[in-house]
Every structure is written in structure tokens, then in C-alpha cells.
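Reviewing the structure listed below.
The values are calculated or read from the model by the stated rules, or taken from the named source; none is laboratory data. Predicted model, so just to flag it, every value in this text is computed and none were measured. Don't worry about glycine lacking a Cβ; one is built from the backbone with ideal geometry, like all the others, and counts go over all protein chains shown.
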Amino acid sequence: MIGRKVKVTVDRPLGSCHPKYKDMVYPVNYGYIAGIIAPDGEEQDAYILGVDHPVDTFTGKMIAIIRRSDDVEEKWVVCPEDMFFTAEEIEQQVCFTEKYFAHEIITGPRLETFPDFMRSEKNIVPSDQQNTPHIEGYYYTGNDGSQAAFWEYSADSESKEHSHDYDEYMVCLSGEYTVILDGKETVLHPGDEMVIPKGTLQGARVKKGTRTFHAFGGRRIK
């Protein structure tokens with residue numbers, strides 16, 4: 001269910017007042033998804049994040065469910081397809097109403113770290129071959145000499161500029177990874193991927209808790 005594309009009809013646009021509690025102003029667009037029936041028997045309500053102006057309708061991806069334990073309602077959270085919000089960021093934007101209810105924010109199953117069997121000391125990336133501080137990485141080498149590696153970041157970090165004489169593929173698994181290619185920035189969120197052509201000057205800014213996977217068309221770790 002999470003990740004699906006949905007259309008929200010907005011009946012309480014950003015900046016409008018709650019129909020019953022006039023002192024409550026909506027800091028986000030809020031509406032319903034026609035044809036989807038919620039646990040309370042009404043059409044499914046949804047918060048829209050990442051849109052900074054009032055809208056009548058909005059089509060985007062569903063990124064979370066807000067499930068209340070002291071109420072029959074649950075809310076969906078929708079945002080533009082090229083954006084991502086953590087549970088903490090969602091909480092900050094919906095707390096204007098959700099603070100009155102006991103609730104949990106469900107964003108789908110995610111690991112906090114890589115499992116132990118993937119983290120063999122024999123496969124750890126040596127510290128002198130890391131381009132980023134506060135990082136822990138592990139690698140595997142294929143029969144053809146190409147390599148795959150995965151990293152996790154224990155603090156906000158910046159990667160020094162470097163380039164490779166082979167192509168690189170990467171995908172962001174969790175957190176936020178800003179790739180800087182020849183001076184141009186691209187922000188990657190979980191599920192976002194890219195290919196970095198050989199010879200490209202690259203750097204990065206990474207948020208604490210980010211995990212990434214990379215495949216190299218050559219030998220990255222000696």
C-alpha cells in the first residue's frame with residue numbers, strides 16, 4: 001500500500017481554518033481520497049506534504065499511514081513523487097492535529113543497520129580507502145574483478161571530491177545522500193538510484209543514519 005500513487009481532493013487547503021475549531025489553521029493541504037473507505041466508514045483522509053501553496057487536488061505517492069490507537073480514524077500521508085519525509089519530519093508537520101491523539105507513524109519496514117552476516121571483518125573497507133569520515137563500509141569482489149560495496153554513516157558527513165576510471169551505480173537505502181557531480185547537486189532519498197559515468201568528478205553530503213549500496217565497474221578497494 002505504501003508507495004502507491006493516489007489523488008487527493010483537498011477540502012481544507014493550506015492556510016484554511018478547521019471547520020469546527022476556528023483557531024486551528026492548517027499548515028498543510030488536507031483532503032480525502034475518493035473511493036477509498038477508511039476504518040471510520042468515510043473516505044480516506046490524507047495530509048499533503050511538500051506543497052507550499054493551497055491546491056484543489058493533488059496526485060502524489062503515499063509515504064506513510066498515521067494510525068491512532070484512541071480513535072477509529074487513520075490518516076494517510078502523501079507527497080510529490082520526487083520527495084521523501086522521515087517519520088520525524090512527518091510528525092513535525094502533522095502534530096498540529098495529531099498531538100491530540102495517541103498514534104504511530106508507519107512508513108513501511110526498514111532496517112536501522114545492515115545485518116551481521118553482511119558485516120564480516122574480512123570484507124571491511126580499509127579506513128585509508130574511504131573518501132568520507134564517520135563511515136563504515138564492506139565490499140565484495142566479483143569473478144571479473146568488479147566490486148560491490150555498501151556503507152552506513154554514523155554522523156553528518158561530506159565526501160571529498162574524487163573520480164573513478166570506471167562507471168559506478170548507487171542506490172540510497174535510507175536517510176539522505178546528496179551527490180555532487182561536476183558541481184551539480186542531486187538529492188537521493190530511499191529508493192533513488194543513479195549511474196555515475198567514469199571520469200566524473202564527484203563528491204557528496206550525507207546525513208547521519210544514511211545507508212547506501214554501490215556497484216563499481218572496476219576495482220574500487222585494493
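Numbers below:
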| item | result |
| --- | --- |
| Candidate set from the range 14-43 (those that are crowded, with 18+ Cβ neighbours inside 10 Å and in contact with a Pro (Cβ under 9 Å, 6 or more places away or on another chain)); member that is farthest from GLY108 (Cα to Cα) | TYR26 |
| Strands (runs of 3 or more DSSP E) fully within the range 182-222 counting 3 or more residues that are under 30 Å from ILE2 (Cβ atoms) and touching a residue at least 60 places away in the same chain (Cβ under 8 Å) | 211-216 |
| Residue that is surrounded by the fewest Cβ atoms within 10 Å (Cβ to Cβ) [pool: residues in the range 90-105 that are in a loop (DSSP other than H, G, I, E, B) and of a type outside the set (A, V, I, L, M, F, W, C)] | LYS99 |
| Criterion (surrounded by 14 or more Cβ atoms within 10 Å (Cβ to Cβ) and within 22 Å of GLU112 (Cα to Cα)) met by exactly one of GLY218, GLY175 | GLY175 |
| Evaluation of ILE63 against (1) buried (at least 16 other Cβ atoms within 10 Å of the Cβ); (2) over 21 Å from the mean Cα position of the chain (by Cα) (one fails), failing number | (2) |
| Selection count where residues are farther than 17 Å from SER154 by Cα and at pLDDT 90 or above, scope the range 100-124 | 13 |
| Scope the range 137-165; condition of a type outside the set (A, V, I, L, M, F, W, C) and crowded, with 17+ Cβ neighbours inside 10 Å; matching residues | GLY137, TYR138, TYR139, GLN147, GLU152, TYR153, SER157, SER159, HIS164 |
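Residue-wise test of (1) modelled with pLDDT of 95 or more; (2) in a strand (DSSP E or B); (3) farther than 17 Å from LYS207 by Cα.
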| position | (1), (2), (3) |
| --- | --- |
| TYR138 | yes, yes, yes |
| ASP144 | yes, no, yes |
| ALA148 | yes, yes, yes |
| GLU152 | yes, yes, no |
| ALA155 | no, no, no |
| TYR166 | yes, no, yes |
| MET170 | yes, yes, no |
